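Novice: Sharing a structure with you now.
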Amino acid sequence: MATGNLTAVVFGGGGFIGRHLVRRLGRSGAVVRVPSRHPTRLGYLRTAGVVGQIVPELVGAFDDDELAATIQGADVVINLIGILAEGGRNNFGRIHTDLAGRIAKVAAASGVKRLIHVSALGVDGATTSAYARSKVAGEEAVRAAFPNATIVRPSIVFGPEDSFFNRFAAMTMISPALPLIGGGHTKFQPVYVGDVADGIMAAIARPEAAGQTYEFGGPGVYSFKELMELLLAEIGVNRFLVPLPWALARLQAAIAEWIPGKPLTRDQVELLKYDNVLSGKAPGLAELGVRSSAVELILPTYLDRFLKGGRLGRQGRTAP
Ligand SMILES: NC(=O)c1ccc[n+]([C@@H]2O[C@H](COP(=O)([O-])OP(=O)(O)OC[C@H]3O[C@@H](n4cnc5c(N)ncnc54)[C@H](OP(=O)(O)O)[C@@H]3O)[C@@H](O)[C@H]2O)c1
């Protein structure tokens, strides 16, 4: 489906991945509706080069009537809504399973041609994590309601404003040590946010992507410890990397769950027990014509504010 003339509804379009996708859709000429609980905060989506239209819209109830009104007239719906920690009514089952299934059901009933549902890599194997189970159930609910949906499972996504490298980089500013949960052996295949957005754009454009499940990962596999080493080298600081046994990490998470924003939860610790790498059994970015970017190439473009000695620090390190 050519993206130029279409109307797209992007749930979660104001989020980390969403803003990259919304801008690409807008630049391709699409009319992009971005339903959000906070539409007035989405002014940053309206950036230079947009030839289509980006329209933030208020949603609150997320009941079927509101979803139908939001989706009406759309050619394509993309669902990027997700949470990492539960809180109040925002539990995994409601957001990842029930809401995902209902968006798919309403999209099918509204005659939407393409649905892109963003899940997460490795969730099918991570049976002891409630997050992972709700994502798997969400995929099943989406497939049942909209069999031709395209499901995208990204590994950990990095880029400006990510909550992975930025969070640990921020930690180096207040702590002499970084924790290696479970020893830091868990493997990841980090994927650049721009590549994820390009992959979704390609999935929308290619009819053969309908009904497929894609796994998105970057070109390299790294242990958690290797990612921390990479980060420290990039920002030019030395910190102790302290292995934290699973039981101790769980205890720390139980305390962190009481801190606003829940920086770490027991379920996240559980999820960290499983490697997060491409299974090799599903198509990925390459099949969509997207060449994935290496962490080493992108990290230097957005961690400037954590650089020891500012820009000069980096120049000093990289000078021949
Ligand atoms: N980032 C990663 O490393 C990564 C890795 C694997 C999979 N994923 C998946 O990719 C998707 C997008 O991730 P992201 O990193 O872009 O997430 P994000 O920045 O946290 O954005 C998620 C969006 O979900 C919406 N949302 C959150 N709670 C909601 C609720 N209770 N009701 C309605 N909307 C709600 C928010 O929209 P408003 O606040 O505007 O309403 C927000 O824009 C998610 O499904 C996530 O699980 C992400």
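Novice: Does G184 satisfy the condition of being open to solvent by less than 10 Å² (accessible area, probe 1.4 Å), in contact with a strand residue (DSSP E or B) (Cβ under 7 Å, 6 or more places away or on another chain), under 30 Å from L248 (Cβ atoms) and not in a strand (DSSP E or B)?
Specialist: yes
Novice: Still on this structure, please answer the following. Just need a number here: residues in segment 281-320 that are modelled with pLDDT of 80 or more, aliphatic (A, V, I, L, M) and either open to solvent by 100 Å² or more (accessible area, probe 1.4 Å) or touching a strand residue (DSSP E or B) at 6+ places or on another chain (Cβ under 9 Å) (or both).
Specialist: Qualifying residue count for the region: 9.
Novice: Mind checking which residues of segment 203-233 are within 20 Å of the chain's Cα centre (by Cα), open to solvent by 20 Å² or more (accessible area, probe 1.4 Å) and within 30 Å of N5 (Cβ to Cβ)?
Specialist: The answer is Q212, T213.
Novice: Starting from segment 1-22, keep only residues that are on the phi > 0 side of the Ramachandran plot and open to solvent by 10 Å² or more (accessible area, probe 1.4 Å), then list their pairs with residues that are within 13 Å of the ligand (Cβ to nearest atom) and in a helix (DSSP H, G or I) whose Cβ atoms are within a distance under 8 Å, requiring at least 6 positions of separation or different chains.
Specialist: What qualifies is G12/G18.
Rundown of residues vs (1) modelled with pLDDT under 95; (2) more than 12 Å from the ligand (Cβ to nearest atom); (3) in a strand (DSSP E or B); (4) open to solvent by less than 30 Å² (accessible area, probe 1.4 Å), yes/no style:
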{"residue": "V32", "(1), (2), (3), (4)": "no, yes, yes, yes"}
{"residue": "P35", "(1), (2), (3), (4)": "no, no, yes, yes"}
{"residue": "A48", "(1), (2), (3), (4)": "yes, yes, no, no"}
{"residue": "D65", "(1), (2), (3), (4)": "no, yes, no, no"}
{"residue": "A74", "(1), (2), (3), (4)": "no, yes, no, yes"}
{"residue": "I81", "(1), (2), (3), (4)": "no, no, no, no"}
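Novice: How about segment 252-288: which of its residues are closer than 16 Å to Y131 by Cβ, β-branched (V, I, T) and in a helix (DSSP H, G or I)?
Specialist: Scanning segment 252-288 gives a single hit, V269.
Novice: Is it the case that some residue within segment 158-165 is buried (at least 20 other Cβ atoms within 10 Å of the Cβ) and assigned to a helix (DSSP H, G or I)?
Specialist: Yes - at least one qualifying residue is present in segment 158-165.
Novice: Among the residues of segment 108-145, write down those that are open to solvent by less than 40 Å² (accessible area, probe 1.4 Å), closer than 24 Å to A197 by Cβ and away from the ligand (no atom under 16 Å from the Cβ).
Specialist: V112, R114
The values are calculated or read from the model by the stated rules, or taken from the named source; none is laboratory data. All of these numbers come straight from a predicted model, not from anything done at the bench. FYI the Cβ positions are ideal-geometry reconstructions off the backbone, even for glycines, and counts take in every protein chain you see. Please note that ligands, DNA and RNA were not included when accessible areas were found on the heavy atoms of the full protein model with its side chains. Shrake-Rupley method; radii C 1.70, N 1.55, O 1.52, S 1.80 Å.
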